[in-house]
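Participant: Here it is, the structure in full.
The values are calculated or read from the model by the stated rules, or taken from the named source; none is laboratory data. This structure is a prediction, so every number in the text was calculated from the model and none was measured. So basically every Cβ, Gly included, is an ideal-geometry build from the backbone, and we count neighbours across all protein chains shown. Areas reflect the complete protein model, heavy atoms only, side chains present, ligands, DNA and RNA absent. Shrake-Rupley method; radii C 1.70, N 1.55, O 1.52, S 1.80 Å.
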Amino acid sequence: MRVSVVLLLLCLSSVHLHRAVDQLVVGDEQTEFTQSQIEELKKQYAGLEGSVDSTELSAEEPGEENSRRRKVAFSYASGLNGNFGPHSSDITVVFRKKITDVGKAFSPVTGVFTAPLRGVYYFRFNLLGHSSSHRLATCLYKNHEKILDVTKYPRGKYTYAVGGATLLLQKGDHVYVVLRQQSQVYDNSDNHCTFSGFLLFPM
C-alpha cells in the first residue's frame, strides 16, 4: 500500500515537472512556474525516488525483520511422581509438564529443544535426587557435544544438581539434558526438576 502511494506521488511530480518545462518554452508571458519553483519540484522528485527505493527495500525484508523479533522461551517440569532411574546407560530426561512455552521450540515428547533461528540462547536445569545409593549425575548437551556435567554423590538426603549455559546456536541445533548411567532423580507435584531456556538475541 505504501509503495503504491509513493509511486503515485512520484508520477504526479513528474507530470508537474514536465508541464513546467513545456510552459516555459511557450513564452515568458505564459510562464506559470519560476525557475526556483522548477528547482524545488526537481528536489521533490529526487526525494520521492529515494523514498521509493527505501520503501521497496523495507517491503522486501518483512520475513527477516519478523525473525529478528521472534520470541522463544520455555520452562518445563519433569511431570514425575517418584524416582527416575537408575539406568544402565545415559538417557535423555524428558520434561513433560509445561510451565511456559513461547515459540513451541521444545518437545515434551523427546525432551529436546530445537533452535528455530540462529541466535544466543540461555539454558538452565534443576534436578533433585535423594537416594542413599545412587548418584545424581547430569549433563547439558548441544547436539552431540557435552557442554557441562554436574554430579552429586549419594548422601541419603535431598540434593540438587543445577547447571546453566549461554550458547550460540544455529537454526536446527538441539539442546537437551542427559541423566548419566547409574544415576537417579526424584520429583513430585512441587516441580523440583525443571528445564528452561530462552532466546537472548538473534544473530
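Participant: Just give me the residues in the range 132-175 being part of a loop (DSSP other than H, G, I, E, B), at pLDDT 95 or above and open to solvent by less than 60 Å² (accessible area, probe 1.4 Å), in sequence order.
Facilitator: If the condition is that a residue be part of a loop (DSSP other than H, G, I, E, B), at pLDDT 95 or above and open to solvent by less than 60 Å² (accessible area, probe 1.4 Å), then 143, 172, 173 are the ones that fit.
Participant: With respect to the numbered conditions (1) among the aromatic types (Phe, Trp, Tyr); (2) within 19 Å of residue 193 (Cα to Cα); (3) open to solvent by less than 50 Å² (accessible area, probe 1.4 Å), which one is the sole condition not fulfilled by residue 121?
Facilitator: (2)
Participant: Would you tally the residues in the range 176-202 being surrounded by 15 or more Cβ atoms within 10 Å (Cβ to Cβ), part of a loop (DSSP other than H, G, I, E, B) and on the phi < 0 side of the Ramachandran plot?
Facilitator: Selection size over the range 176-202: 4.
Participant: Only residues that are small (Gly, Ala, Ser) and either touching a residue at least 40 places away in the same chain (Cβ under 8 Å) or in contact with a helix residue (DSSP H, G or I) (Cβ under 8 Å, 6 or more places away or on another chain) (or both): list them for the range 111-164, please.
Facilitator: Applying the first criterion (small (Gly, Ala, Ser)) to the range 111-164 yields 111, 115, 119, 129, 131-133, 137, 156, 161, 163-164.
Within the range 111-164, 111, 115, 119, 129, 131, 137, 164 meet the criteria.
Participant: While we're looking at this one, here's another question. Within the range 96-119, which residues are assigned to a loop (DSSP other than H, G, I, E, B) and in contact with a strand residue (DSSP E or B) (Cβ under 8 Å, 6 or more places away or on another chain)?
Facilitator: Passing the criteria: 96, 103, 105, 107, 108, 110, 111, 112, 115, 117, 118.
Participant: Moving on to the next point. Go through the range 79-101 residue by residue and tally those that are open to solvent by less than 70 Å² (accessible area, probe 1.4 Å) and either closer than 13 Å to residue 176 by Cα or within 19 Å of the chain's Cα centre (by Cα) (or both).
Facilitator: We begin by selecting, within the range 79-101, every residue open to solvent by less than 70 Å² (accessible area, probe 1.4 Å); these are 79-80, 82, 84-87, 89, 91-95, 100-101.
Add one more test, that the residue is either closer than 13 Å to residue 176 by Cα or within 19 Å of the chain's Cα centre (by Cα) (or both), and what stays is 91-95, 100-101.
Within the range 79-101, residues that are open to solvent by less than 70 Å² (accessible area, probe 1.4 Å) and either closer than 13 Å to residue 176 by Cα or within 19 Å of the chain's Cα centre (by Cα) (or both) number 7.
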